[in-house]
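In what follows, a structure is listed as structure tokens, so that the remarks can point back to it.
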Amino acid sequence: MPIKIKQPITVEAFEQYFDLRWRVLRAPWDEPKGSEKDGIEDECFHIAALNDGNKMIGVGRLQYNSADQAQIRYMAVETKHEGNGIGRMIVNALEQEARNKNINTVMLDAREPAVGFYQKLGYSIEEKSYLLFDEIQHFRMTKQLTV
């Protein structure tokens, strides 16, 4: 199954993108539609993974925190596609975008079940960060990129 990694650019693509984010990251906790977005979406770099039928199966966002630090946020892969390298492909694309902007540090707040995934990609735990929905522990992780 060839996977394509590309930026969503059309209104329809962004609708699919945000719907996937909501279904994976918010709906299981009964969070309302709209809670998958924040006020800086237009300032960020968005990427999506599409299967051979052009169905969006994974998404991620790079947020620019400063001239030398970016943050990966809202990573989501359809549950039935987890473990197939899609998340790795999305992270690689986000890291490449950071390199393109001469950013050398990428940070993120990983949900506890995803910590091992990010560690395999070279991220290190800095500290416990926050508890989402009173039950999902997050950990601040960072990685130094070679620009």
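One table, with the values for the structure above:
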item	result
Enumeration of residues in the range 89-116 that are under 13 Å from G60 (Cβ atoms) and modelled with pLDDT under 95	A110, A114
Scan of the range 26-68 for residues that are in contact with a Ser or Thr (Cβ under 6 Å, 6 or more places away or on another chain) and of a type in the set (G, A, S), ordered by number	none
Among residues of the range 26-56, those that are farther than 18 Å from K4 by Cα and either surrounded by 15 or more Cβ atoms within 10 Å (Cβ to Cβ) or not hydrophobic (A, V, I, L, M, F, W, C) (or both), counted	17
Residue in the range 7-26 that is farther than 20 Å from A110 by Cα and in contact with a Leu (Cβ under 7 Å, 6 or more places away or on another chain) present	no
Test set (1) part of a strand (DSSP E or B); (2) surrounded by 14 or more Cβ atoms within 10 Å (Cβ to Cβ) - F117 fails condition number	(1)
Among the residues listed as R99, R23, the single one being surrounded by 13 or more Cβ atoms within 10 Å (Cβ to Cβ), basic (K, R) and closer than 25 Å to F133 by Cβ	R23
Residues being among the hydrophobic types (A, V, I, L, M, F, W, C) and surrounded by fewer than 14 Cβ atoms within 10 Å (Cβ to Cβ) - total across the range 126-135	2
Set A93, A110, A67: member being surrounded by fewer than 14 Cβ atoms within 10 Å (Cβ to Cβ), touching a residue at least 24 places away in the same chain (Cβ under 8 Å) and among the aliphatic types (A, V, I, L, M)	A67
Some residue of the range 14-28 being among the hydroxyl-bearing types (S, T, Y) and under 13 Å from A76 (Cβ atoms)	yes
Answer residue from the range 89-114, given it is assigned to a helix (DSSP H, G or I) and hydrophobic (A, V, I, L, M, F, W, C) and is farthest from F45 (Cα to Cα) among those	A114
Failed item in (1) touching a residue at least 24 places away in the same chain (Cβ under 8 Å); (2) of a type in the set (D, E, K, R); (3) touching a Phe, Trp or Tyr at 6+ places or on another chain (Cβ under 8 Å); (4) more than 23 Å from T142 (Cβ to Cβ), with K33 passing the rest	(1)
All positions within the range 114-137 that are under 22 Å from Y17 (Cβ atoms) and either without any contact (Cβ under 8 Å) to a residue 12 or more places away in the chain or in contact with a Lys or Arg (Cβ under 7 Å, 6 or more places away or on another chain) (or both)	L121, I136
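Conditions tested, residue by residue: (1) outside any helix (DSSP H, G or I); (2) at negative phi; (3) in contact (Cβ under 8 Å) with a residue 60 or more places away in the chain; (4) of a type in the set (V, I, T).
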{"site": "I57", "(1), (2), (3), (4)": "yes, yes, no, yes"}
{"site": "Q63", "(1), (2), (3), (4)": "yes, yes, no, no"}
{"site": "A76", "(1), (2), (3), (4)": "yes, yes, no, no"}
{"site": "G87", "(1), (2), (3), (4)": "no, yes, no, no"}
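The values are calculated or read from the model by the stated rules, or taken from the named source; none is laboratory data. Remember, it's a predicted structure, so these values are computed and weren't measured experimentally. Don't worry about glycine lacking a Cβ; one is built from the backbone with ideal geometry, like all the others, and counts go over all protein chains shown.
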